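S.K.: Sharing a structure, written as structure tokens. Questions coming.
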Amino acid sequence: MRTVRSLAFASLSILAAWAIVVPAVRAQRDTSADWHAKDARTVAQQKINGRILAAIYHRRGDKKAKTLPPAGSAIQIDRHGRALVDVRAQVKPELEKKMKALGGVVIATSRTYDSIIVWMPLQTLERLAADPTVRAIEPAQ
């Protein structure tokens, strides 16, 4: 009788451990997939907000758009394929000139907040983000 109880207790313990470990391993595997997707981005792409990056991928017809979370609120895109973005960088004439060369239209600048509001073509945002003076590109409010 004692052997049967011991065997039953051991079986129950193994079952309980399995019920705890398996979901934990699955959760860890799911989280690591998100990290790999983010690690796969270039340095320039890491500077671009996820919603804008999803719009760029969608515009290109790239399958990467499916790996990003759906856009919470839509970004403004005009009929020319330009997005209204807030470029976080020190406001300098050289950077504004570069934006215009890439097809952008500067709307407003703020030296106080290191911010440039600009309509930029989606296809050129990654080249702009590659500039070392650019810290981030976010949707303009």
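S.K.: Take VAL91 and tell me if it is in a loop (DSSP other than H, G, I, E, B) and crowded, with 16+ Cβ neighbours inside 10 Å. Full working, then the answer.
M.R.: Working: in a loop (DSSP other than H, G, I, E, B): yes; crowded, with 16+ Cβ neighbours inside 10 Å: yes.
Yes, satisfied.
S.K.: So, one more: Would you tally the residues in region 100-128 being hydrophobic (A, V, I, L, M, F, W, C) and farther than 18 Å from ASN49 by Cα?
M.R.: From region 100-128, those hydrophobic (A, V, I, L, M, F, W, C) are 101-102, 105-108, 116-120, 122, 125, 128; that's our starting set.
Next, only the ones that are farther than 18 Å from ASN49 by Cα stay: 101-102, 105-108.
Going through region 100-128 one residue at a time, the tally reaches 6.
S.K.: Here's something else I'd like to know. Looking at (1) part of a helix (DSSP H, G or I); (2) modelled with pLDDT of 65 or more; (3) within 30 Å of HIS80 (Cα to Cα), can you tell me which one ALA37 breaks?
M.R.: (2)
S.K.: For region 54-88, what are the residues that are modelled with pLDDT under 90, closer than 15 Å to GLU138 by Cα and not in a helix (DSSP H, G or I)?
M.R.: ALA71, GLY72, SER73, ALA74, ILE75
The values are calculated or read from the model by the stated rules, or taken from the named source; none is laboratory data. As the structure is a computational prediction, the values presented were derived from the model and not from experiment. For neighbour counting, all protein chains shown are included, and Cβ atoms are generated from backbone atoms with ideal geometry for every residue, glycine included.
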